[in-house]
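The values are calculated or read from the model by the stated rules, or taken from the named source; none is laboratory data. These numbers were taken from a predicted model, which means no experiment stands behind them. Cβ atoms come from the backbone with ideal geometry, glycine included; neighbour counts cover every protein chain shown. Note: accessible area is taken over every heavy atom of the protein model, side chains too, but ligands, DNA and RNA are not part of it. Shrake-Rupley method; radii C 1.70, N 1.55, O 1.52, S 1.80 Å.
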Amino acid sequence: MSISGCLAALALFVLIVLSAGCTSLAIGDVNYRNQGLLVHVTNSGDPVDAGIQVRVYEIKNLNQRELTVVGFPVSVRRGENDFVVPIKLEPGTYKLYMYLTVNSERKTAGIKDIVV
């Protein structure tokens, strides 16, 4: 086998190994309604028990201040899922650092900006 053939085979092997651990979970839109965050999660894999963690930062006068961290367990079905994270926020601008974990391992994360 030529060197270029070996390199192509090696690149294919690395791609297969890296894609085997790819997450099938994704955090989508987040909206504030009725004293809670409505979090949209997409799962293209098998149903899974997971945890959602949200770190809430208030943005005021060009400063960011951590307000709270909330988390709770969820059962994520295959396809589209909506979960409500109960939290009371005053009118203002917020940055949300969101994590979705399975067996204490982070599977996906996202940063969302919302205005209440």
Under a point spin-label approximation (7 Å from Cα along Cα-to-Cβ), what is the GLN64-GLU105 distance to one decimal in nm? 2.8
Ignoring ligands, DNA and RNA, how do GLU58, GLU66, GLU90 rank by accessible area with a 1.4 Å probe, largest first? GLU90, GLU66, GLU58
Whenever you get a sec, line up ILE111, ILE59, ILE87 from highest to lowest accessible area (probe 1.4 Å, protein heavy atoms). ILE111, ILE59, ILE87
I'd like the carbon and sulfur percentage of the solvent accessible area for segment 31-116, probe radius 1.4 Å, heavy atoms only, ligands and nucleic acids excluded. 47
Within the set of other residues whose C-beta is less than 13 Å from the C-beta of GLY71, count the net charge using Lys and Arg as +1 and Asp and Glu as -1. +2
Any lysines whose Cα falls less than 25 Å from that of LYS107, other than same-chain ones fewer than 8 residues away, would be LYS95
Environment charge at PRO47 (Cβ cut-off 12 Å; Lys +1, Arg +1, Asp -1, Glu -1): 0
For LYS88, give me every one of the lysines with a C-alpha distance below 20 angstrom, ignoring sequence neighbours fewer than eight places off in its own chain. LYS60, LYS112
